[in-house]
Structures are given as structure tokens and as C-alpha cells.
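Chemist: Supplied in C-alpha cells, the structure appears directly below.
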Amino acid sequence: MAATTAERRALSDVAERLRAELAPSQRRDHVDAMVSRVLLGFEQGRGRGAEEEEVLISEYISALKDLPLAGIHGAAERFRSGLTLLPWSRRWRPSPAEFAAEVREGLIPLRAKLVHIRQILEAEVYEPPSDEDRAKVQAAAAAWLNRGGETEPGRPRPTPEALAAAREDALHEMGARFRETAAGGHLAHLAARIKTKAPAQEDAA
């Protein structure tokens, strides 16, 4: 069943929020902070310099540049807890490609939900009939029945062929009556002419 107007309005709001969540991140500093926090648990004691650290973070930011911030945050939390959606060895820090793949995997339910909402919104609008609408329909049906919409109990409904034959008979009957009327009028006119000519013929004799 298609969504009602009120349901479509609510679904439109949900779809708008989902589109915002799925939009690519524009905040490099936020992505930097999330990635750095994940890598912190794997990089202690490595002694990387600031320049090397910047290059490493840039690789992650480049891999995640087209992904939404909410998805990156979700993937970061899963890496920190070790409960990732994709197989991953906790002994090693996730590579930029693994990080991006984990983000995309987490976005699948959101994208599927958005597709489903769009399908509902593109369907025909359904407005449930009110009590007043139902009353109008019932009144119209009753009026139609009172005008002979149904045949009498026990009497079969005439077929389309029978109705056509009845109309043809009625036309023939009307034509016959017209011809009789026309013929009668013509004979009366001739009789009147004969009566007017008779005295004139007697006088001439």
C-alpha cells in the first residue's frame, strides 16, 4: 500500500537526514582527529617524526576523502573496539584501504534504507477515505439502485444482445407508425380534392 500524505512528509524528513549523513566530509581536521585516535593504539613506541606522521595521516585522508564523516566515525569506533564488519587482524593497524572499505561496509544499511524510502516516495499517493467519503459513496450506490441499477429479485439481467434487439424492434415500430400516419394524411388530402372537384364537374354537365 502506498504511503499517505502524512507518511510521505515524515519519510521525506528521514530521507533528507540520510542524504546529509551520506554526504562526503568537508572537514579535513575532523577526519585527521578520528584517524589519529585510531592509530594511537598501534603506533606507540614507534618514534615517528612529525613529518612522517603527517604523510601517514594524509594517506588516510586521501583514501577517505569521498566518504561521509558519520561513516568514518563509525568505522573508527569499530577499529578501536575490534568489532569490525570486515575481517581484520587486530595485531596490525588498518591500512588506508582497509579503513575506507570498513567505512563503505558500514554505509550499506544507510544507503539501502534511503533507496527503500525513495521507492515509497515515488509510489502513488494513498489517501484513506474518511467517514464522510464513505457515506457519499454509499448514498450514490443507493441512488443508483433506486433508479433500477439492479433487476427485480428472481429476474435475470438482460444480455447486451437482448438489449440491442429490443432497441431494433422499437425503431421498427416507430417507423411503421410514422408510415401509417403519413399514408393516412395523404389519403385524406386526396379525398378532399375529389370532393371539391365534384360540384364543378356537375355544373359543367
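The values are calculated or read from the model by the stated rules, or taken from the named source; none is laboratory data. Quick caveat: nothing in here was measured; it's all calculated off a predicted structure. Backbone-built Cβ (ideal geometry, glycine too); neighbour counts: all protein chains shown. SASA here: full protein model, heavy atoms, side chains in, ligands and nucleic acids out. Shrake-Rupley method; radii C 1.70, N 1.55, O 1.52, S 1.80 Å.
Chemist: Could you look through segment 89-113, keep only residues that are modelled with pLDDT under 90 and not basic (Lys, Arg), and pick out the one that is nearest to residue 54 (Cα to Cα)? Spell out how you get there, then give the answer.
Modeler: Of the residues in segment 89-113, the ones modelled with pLDDT under 90 are 89-93.
Within this subset, residues satisfying the condition of being not basic (Lys, Arg) are 89, 92.
Working: 89: 24, 92: 19 Å.
My answer is 92.
Chemist: In addition: Quick one: which residue in 118, 147 is out of contact with any Cys (no Cβ under 7 Å at 6 or more places or on another chain), in a helix (DSSP H, G or I), modelled with pLDDT under 75 and open to solvent by 90 Å² or more (accessible area, probe 1.4 Å)?
Modeler: Numbers: 118 fails: modelled with pLDDT under 75.
The match here is 147.
Chemist: In segment 1-21, how many residues are under 30 Å from residue 58 (Cβ atoms) and in contact with a helix residue (DSSP H, G or I) (Cβ under 6 Å, 6 or more places away or on another chain)?
Modeler: Going through segment 1-21, the residues under 30 Å from residue 58 (Cβ atoms) turn out to be 18-21.
Applying the additional criterion that residues be in contact with a helix residue (DSSP H, G or I) (Cβ under 6 Å, 6 or more places away or on another chain) yields 18, 21.
Selection size over segment 1-21: 2.
Chemist: Hey, among the residues in segment 84-108 that are among the hydrophobic types (A, V, I, L, M, F, W, C), surrounded by 13 or more Cβ atoms within 10 Å (Cβ to Cβ) and in contact (Cβ under 8 Å) with a residue 40 or more places away in the chain, which one's nearest to residue 31 (Cα to Cα)? Explain how you work it out, then say what you get.
Modeler: Within segment 84-108, the first condition is being among the hydrophobic types (A, V, I, L, M, F, W, C), and the residues that meet it are 85-86, 88, 92, 97, 99-101, 103, 107-108.
Checking which are surrounded by 13 or more Cβ atoms within 10 Å (Cβ to Cβ) leaves us with 85-86, 88, 99-101, 103, 107.
Keeping just the survivors that are in contact (Cβ under 8 Å) with a residue 40 or more places away in the chain gives 99, 107.
Working: 99: 12, 107: 16 Å.
Restricting to residues being among the hydrophobic types (A, V, I, L, M, F, W, C), surrounded by 13 or more Cβ atoms within 10 Å (Cβ to Cβ) and in contact (Cβ under 8 Å) with a residue 40 or more places away in the chain, the top hit is 99.
Okay, residues lined up against (1) of a type in the set (Lys, Arg); (2) in contact (Cβ under 8 Å) with a residue 40 or more places away in the chain:
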residue	(1), (2)
68	no, yes
71	no, yes
76	no, yes
82	no, no
111	yes, yes
121	no, yes
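Chemist: Scan segment 4-46 for residues that are acidic (Asp, Glu), more than 16 Å from residue 116 (Cα to Cα) and at pLDDT below 85 and report the count.
Modeler: Residues that pass the stated criteria total 1.
Chemist: On to the next question. Can you confirm whether residue 61 is in contact (Cβ under 8 Å) with a residue 24 or more places away in the chain and closer than 30 Å to residue 7 by Cβ? I'd like the intermediate steps shown before the answer.
Modeler: Details: in contact (Cβ under 8 Å) with a residue 24 or more places away in the chain: yes; closer than 30 Å to residue 7 by Cβ: no.
In short, no.
Chemist: Does residue 1 fit the bill of being over 30 Å from residue 121 (Cα atoms) and at pLDDT below 90? Give the derivation first.
Modeler: Details: over 30 Å from residue 121 (Cα atoms): no; at pLDDT below 90: yes.
Considered against the rule, which asks whether it is over 30 Å from residue 121 (Cα atoms) and at pLDDT below 90, residue 1 comes out as no.
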